[in-house]
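Down below is the structure, laid out as C-alpha cells.
Each value in this text was obtained by applying a stated rule to the coordinates, not by laboratory testing. From a predicted model like this one, the values you see are computed outputs, not experimental measurements. A quick note on method: Cβ atoms are made from the backbone with ideal geometry, for glycine too, and the neighbour counts reach across all protein chains shown.
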Amino acid sequence: MHVGDIIRQHARNLPGQLALIAADERLTYDALNLRVNGVAHALLRQGIKRGDRVAVAARNSVHYVCLYFATAKIGAILVPMSFWYRADEYRYVLENSEPSLLIHEAEFLPVLTEARGGQGCPMLEMPVFAAPTAPDSAWELFLSTSPDHEPDVRLDADLPHMILYTSGTTGRPKGAVLTHGRTVVDGFNIAVALRIRQTDTFINFFPPFHVGNWDHQKMYFVAGATVVLVAQFEAGLVLSLIARERVTVLLGVPTMLTALIDHPDLTSTDVSSLRLIYYGAYDPNRILDRIADHFGARQGRIEMMHHYGLTEAGPFVACCPAERVFEKWGAIGRGIPGVEVAIIDDDGARLPPGRTGELIVKGPMMKEYWRNPEATAAAIVDGWLHTGDIVASDAEGFMWIVDRKKDMIRSGGHNVYSKEVEDCVASHPAVADVGVIGLDDPVYEEMVCAVVVLRPGHTGSDELAREIAAFVRQRKAGYNTPKRVFFSDALPKNAVGKILKHVLRERYRGASKSGH
C-alpha cells in the first residue's frame with residue numbers, strides 16, 4: 001500500500017464520506033480522489049516522473065493537500081519548504097534537493113527569485129487558501145484537460161514520497177527521506193494508539209513544512225474521518241471552526257494551546273464537541289494543567305493523551321493513554337503498536353527502568369537523510385534510530401523526557417539536564433519563559449546559563465538575576481544553579497515553539513558577566 005492508496009481506497013469504500021473541509025469547500029473522499037488524480041496527470045504531463053522532487057513554498061490549502069497525494073501517486077517526491085525561510089535558507093534547500101518543479105504561492109515569488117538567482121527549475125504559481133481561481137491562471141492552465149482516472153504508475157512501499165527538512169534546532173536542516181511504507185504503517189499504528197474513529201473531525205492548522213501537519217492529518221484520512229483545514233493558526237478562527245464544524249479532536253503544542261485558552265472568545269465558544277485533546281512538546285508554563293482544568297479532563301468530560309515522536313521516526317513513537325495520563329502526568333507513555341523502544345547509556349548498553357539514557361527506536365522511520373550518509377550513519381545504527389532525547393522510565397515502561405542529548409550541560413563533572421533547570425526557573429513568579437544553555441567555562445568545562453523572558457511588571461536587573469539563581473539553588477542540587485542569568489524580550493523558536501538553543505549559544509557566547 002502506498003500513500004495515494006489512502007484516498008483511493010476510501011473513494012471506493014466510502015465515496016460519500018466527508019474527507020476535507022476548507023472554508024466553504026467540502027470534499028467527499030470520492031471528490032478529493034478525483035481532484036488528486038487531475039493534479040497527478042498534470043504533473044505527468046509536465047514531465048515529472050518517479051523520483052523527481054517537487055518543491056513547494058505555500059501555506060495550507062486544498063491544492064496543497066491534492067499535491068501531497070498526487071506526487072505520491074506518481075512516485076514523485078514532495079519537498080515542503082518553510083514559508084518563514086529567508087532567501088539563503090530557500091537557496092540551501094533548493095540546492096540540496098534539486099527539484100524538477102518549484103510550486104509557490106504569489107507572496108513567496110520575490111524571495112524565491114532572490115534565492116534562485118535566475119537559475120533552477122521551472123516555477124508554477126498555486127492559488128492561496130480558499131481563493132477563487134481565474135480560468136486563465138497558471139494553475140488552471142496547468143490542470144486543464146487533465147483526466148481524473150487513476151494514474152498507471154506502479155510503486156513499491158520502500159520508495160520515497162517526501163523529503164521533510166528538520167526544523168534545524170542545531171543548525172542547517174537535514175532532509176529526512178520518508179517512504180510510502182513508513183508513512184502508511186505509522187498512520188495505522190497511531191490511529192490505533194489514539195483510538196481515532198471514522199466519525200471524528202480533526203482540525204489541521206499546523207504549517208505544511210512540519211511533521212505536525214502531514215503526519216497528524218494522515219491518521220484521520222487512514223481512518224476515513226474528516227479533516228478541517230486552516231491556512232495557518234489563528235486562535236479566534238480555530239475556536240470558531242471547532243464550534244461550526246463540531247470538531248472532536250484537537251492537537252496542540254503548548255504555544256498554540258496557550259493562545260486558545262487565553263483567547264477572549266473561549267468562554268463564549270461552544271467546544272462541547274471535543275472528545276480528545278492530544279499534545280506533545282515541552283510545557284514549562286504548565287499550560288496543560290490549565291487545559292485539563294478548563295475542559296474538565298480530570299472529571300472525564302474529555303480525554304487527554306500525551307504523545308511523542310520525531311520527523312526521522314514514523315514520526316510517532318510513544319503515547320500515554322487517557323486512562324493513565326494523570327496518574328503518569330508528564331510522561332510520553334510507552335511505545336505505540338508497531339514500535340520498539342529501548343534506553344541506552346553512552347556505550348550503547350541497555351539500561352534498566354529508572355536509569356536515565358538515550359531513547360532509541362525501531363519501527364517505521366526515515367530511509368535516510370537526503371545526500372547525507374554521515375548523518376544517516378550516526379542516526380540509524382543496526383536498524384535502531386537514535387533520537388538524541390534523554391529519557392527515564394518507570395517499572396511499567398512509561399517514559400519521561402529529561403533533555404535533548406545535545407542540550408545536556410557538562411559542568412564540573414556533573415550532567416546538568418537543561419529541561420530540569422528550565423522547569424525550576426519557569427516556576428519563579430517573575431518568569432514568563434526560559435531557555436537554559438551551557439557556555440564555555442575554563443574551569444568547569446561548561447557553565448549553566450539561563451536566558452529569561454520576564455512577565456509584565458518585572459524588569460531585568462543584577463538583583464533579580466541573583467534572586468533567580470538563588471531560587472534554583474534552594475530547589476536543586478548546587479551544580480544546576482545558573483552562573484549567569486540573561487534577560488531577553490523573547491526567545492528564538494521554531495514553527496512549533498521549540499527553543500533554538502544554537503541561536504542562544506551564539507548570541508550569548510562571550511556575553512558580559514552582568515547577567516542582563
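Placing +1 on each Lys and Arg Cβ and -1 on each Asp and Glu Cβ, with no other charges, gives the chain a dipole about its Cα centre of roughly 380 debye. Under the simplified labelling scheme, the E420-R475 pair shows an inter-label distance of 1.4 nm, with each label point 7 Å from Cα along Cα→Cβ. Under the combined filter of DSSP loop state and at most 12 neighbouring Cβ atoms within 10 Å, region 104-165 retains none of its chymotrypsin sites (Phe, Trp or Tyr not before Pro).
Can you figure out the FRET efficiency of D382 with Q119, using R₀ = 45 Å and their beta-carbon distance, to the nearest 0.05? With R0 = 45 Å, the Cβ-Cβ based efficiency is 0.65. Structural size metrics of region 238-307, computed from C-alpha coordinates, are Rg and Dmax of 11.2, 32 Å.
Between 0 and 90 degrees, the angle of helix 462-475 with respect to the longest Cα principal axis of the chain falls at about 90 degrees. Classification of region 208-248 by its C-alpha gyration tensor yields an oblate form. The axis ratio a/c (a ≥ b ≥ c) is 1.5 or more, and b/c is at least a/b. Expressed as a whole percent, the proportion of Cα-Cα pairs in the chain lying more than 34 Å apart is 39%.
If you take every DSSP beta bridge fully contained in the chain, what fraction is antiparallel? Give it as a percent rounded to 5. For the chain, the DSSP antiparallel bridge percentage is about 60. Once the Cβ-Cβ distance of L237 and Q198 is raised to the sixth power relative to R0 = 22 Å, the FRET efficiency obtained is 0.25. For a test of the definition: using alpha carbon positions, the gyration tensor, and the 1.5 limit on a/c, classify region 1-84 as rounded, prolate or oblate. Oblate shape, in that a/c is at least 1.5 and b/c is the bigger or equal ratio. When only the Cβ of Lys, Arg, Asp and Glu is charged (+1, +1, -1, -1), the dipole of region 408-508 relative to its Cα centre reaches about 200 debye.
Restriction of the trypsin sites (Lys or Arg not before Pro) in region 350-400 to DSSP coil positions whose beta-carbon has at most 14 other beta-carbons within 10 angstrom yields R355, R371.
For region 295-366, the square roots of the Cα gyration tensor eigenvalues, ordered a ≥ b ≥ c, give a/c of at least 1.5 with a/b no greater than b/c, which places it in the oblate category. Per residue, the Cα convex hull of region 197-337 amounts to 109 Å³. Qualifying trypsin sites (Lys or Arg not before Pro) in region 425-516, where qualification requires a DSSP coil assignment and no more than 15 other C-beta atoms within 10 Å, comprise R509, K513. Comparing Cα centroids, region 123-175 and region 1-29 end up 17 angstrom apart. The helix-based estimate of mean residue ellipticity at 222 nm for the chain, built from -39,500 (n - 2.57) per DSSP H run of four or more residues and divided by its residue count, is -9000 deg cm²/dmol to the nearest 500. Coupling constants for region 28-35 follow from the phi torsions by the Karplus curve (6.51 cos²θ - 1.76 cosθ + 1.60, θ = phi - 60°), and in residue order they are 6, 4, 5, 5, 5, 5, 4, 5 Hz; glycine and proline get x. Among the listed pairs K73/K501; K174/K483; K419/K483; K367/K406; K218/K419; K174/K498, which have their C-alpha atoms separated by more than 27 angstrom in this model? Over 27 Å Cα-Cα: K73/K501; K174/K483; K218/K419.
With R₀ set to 25 Å, the beta-carbon distance separating R172 from A130 gives a calculated FRET efficiency near 0.15.
How much length would be gained if the chain were fully extended between R12 and S273, taking 0.36 nm per residue of separation minus their Cα-Cα distance, in nm to one decimal?
Contour length minus the Cα-Cα distance gives 91.1 nm.
Of the three principal axes defined by the Cα atoms of region 408-508, the extents in descending order read 37, 31, 20 Å. Take the chain, mark every one of the GluC sites (Glu not before Pro) that falls in a DSSP loop and has at most 12 other Cβ within 10 Å, then report the longest stretch left between them, sites excluded. Longest gap between qualifying sites, sites excluded: 1-322.
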